[in-house]
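Here is the structure we will look at.
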């Protein structure tokens, strides 16, 4: 559950020339961490449902239609203005994002029926920032736990975690009683050694490291590294972490052990990178 927004992807062909022109290619596409997970899950052969809010506008309708075309089911409220994110990719492929979430944070008045039939409720940390979305998310997480639905949380953004404060962020994550917590290396550094199963009531913790091996942390077990799947000619990694989450959660729902599930997650992430990079052709 969380954001469904328009991504405006700006591929810079040179370093930004401040106060002047810079050559670039601009692409518009569906985005939002939660929506990316849903789309990747459907492409990987799973069934997935998006829960969130978009604006009552043509952009919101188009984004919802795009998710439906991927095979997802959607529970969408329509009000306000649909959000947008500017994704700037420098010539080396490094991303900088300028976020305007707009209506995404306005989701309220949840219904228990939203959870019917789910194996997992996946929550990007973004969904814990901004009201009333944050309260709605916490309510659904509580209902999910009571119904035996796995809760997973992606820590989403090192910058957001630093603004909130690592101790506050970890306390919020712990309060939702997740079974799975995902973080990339920057987010893991921001949260520190408390990002560990022993401090999260035994939750499985996966640390993503891009093209480097992911680290699997399980309570009572030594860390295990799982190599990533190589991808040639990488030009855009947007959505790779969300695709990793989709692959991992589908594999866990299918009964794979955490190490095998992480290997499957790498495969789904690699497919997302190939797809995004090919879109630049």
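The values are calculated or read from the model by the stated rules, or taken from the named source; none is laboratory data. Everything numeric in this text was worked out from a predicted model, so none of it was measured. Don't worry about glycine lacking a Cβ; one is built from the backbone with ideal geometry, like all the others, and counts go over all protein chains shown.
Please specify each residue of segment 66-76 satisfying the condition of being out of contact with any helix residue (DSSP H, G or I) (no Cβ under 8 Å at 6 or more places or on another chain) and either part of a strand (DSSP E or B) or over 15 Å from residue 4 (Cα atoms) (or both).
73
Kindly establish whether residue 32 is in contact with a strand residue (DSSP E or B) (Cβ under 7 Å, 6 or more places away or on another chain), surrounded by 23 or more Cβ atoms within 10 Å (Cβ to Cβ) and within 26 Å of residue 270 (Cβ to Cβ). Before the answer, list the steps.
Working: in contact with a strand residue (DSSP E or B) (Cβ under 7 Å, 6 or more places away or on another chain): yes; surrounded by 23 or more Cβ atoms within 10 Å (Cβ to Cβ): yes; within 26 Å of residue 270 (Cβ to Cβ): yes.
Yes, satisfied.
Criterion first (over 19 Å from the mean Cα position of the chain (by Cα), over 28 Å from residue 251 (Cα atoms) and part of a strand (DSSP E or B)) does residue 101 satisfy it?
For residue 101, the condition - over 19 Å from the mean Cα position of the chain (by Cα), over 28 Å from residue 251 (Cα atoms) and part of a strand (DSSP E or B) - is not met.
Among the residues of segment 92-129, write down those that are surrounded by fewer than 16 Cβ atoms within 10 Å (Cβ to Cβ) and farther than 18 Å from residue 48 by Cβ.
Those that are surrounded by fewer than 16 Cβ atoms within 10 Å (Cβ to Cβ) and farther than 18 Å from residue 48 by Cβ: 92, 93, 94, 95, 96, 97, 98, 100, 108, 109, 111, 112.
Residues of segment 132-160 being modelled with pLDDT under 95 and either over 14 Å from the mean Cα position of the chain (by Cα) or not in a loop (DSSP other than H, G, I, E, B) (or both), which ones?
158, 159, 160
Go through segment 232-258 and count every residue that is surrounded by fewer than 21 Cβ atoms within 10 Å (Cβ to Cβ), at pLDDT below 95 and on the phi > 0 side of the Ramachandran plot.
1
Among (1) farther than 17 Å from residue 242 by Cα; (2) under 15 Å from the mean Cα position of the chain (by Cα), which single condition is residue 50 missing?
(1)
Of all the residues that make up segment 78-91, how many are farther than 13 Å from residue 31 by Cα and surrounded by fewer than 19 Cβ atoms within 10 Å (Cβ to Cβ)? Quick ask: steps written out before the conclusion?
Filtering segment 78-91 for residues farther than 13 Å from residue 31 by Cα gives 78-81, 88-91.
Next cut, surrounded by fewer than 19 Cβ atoms within 10 Å (Cβ to Cβ) only: 78-81, 88, 90-91.
Total meeting the criteria: 7.
On the given criteria, is residue 104 at pLDDT below 95 and closer than 21 Å to residue 246 by Cβ?
On the way: at pLDDT below 95: no; closer than 21 Å to residue 246 by Cβ: yes.
Against the criterion (at pLDDT below 95 and closer than 21 Å to residue 246 by Cβ), residue 104 does not qualify.
For segment 46-63, how many residues meet the condition of being closer than 19 Å to residue 118 by Cβ and either at pLDDT below 95 or in contact with a strand residue (DSSP E or B) (Cβ under 9 Å, 6 or more places away or on another chain) (or both)? Walk me through how you get there before you give the answer.
To start, the set of residues in segment 46-63 that are closer than 19 Å to residue 118 by Cβ comprises 46-53.
Next, only the ones that are either at pLDDT below 95 or in contact with a strand residue (DSSP E or B) (Cβ under 9 Å, 6 or more places away or on another chain) (or both) stay: 47-53.
Matching residues across segment 46-63 total 7.
So which pairs qualify, if the first residue must be in segment 109-121 and without any contact (Cβ under 8 Å) to a residue 60 or more places away in the chain and at positive phi, the second must be surrounded by 16 or more Cβ atoms within 10 Å (Cβ to Cβ) and assigned to a helix (DSSP H, G or I), the Cβ gap must be under 6 Å, and the two must be at least 6 apart or on different chains?
The qualifying pairs do not exist here.
List pairs: first residue in segment 150-170 and at negative phi and free of Cβ contacts under 8 Å to residues at least 60 places away in the same chain, second residue surrounded by fewer than 18 Cβ atoms within 10 Å (Cβ to Cβ) and in a helix (DSSP H, G or I) anywhere in the structure, Cβ distance under 7 angstrom, at least six positions apart or on different chains.
Taking only residues 6 or more apart or on different chains, the pairs are 151/145; 158/186; 166/192; 170/194.
Residues to consider are 162, 142; find the one that is surrounded by fewer than 19 Cβ atoms within 10 Å (Cβ to Cβ) and closer than 30 Å to residue 211 by Cα.
Working: 142 fails: closer than 30 Å to residue 211 by Cα.
The match here is 162.
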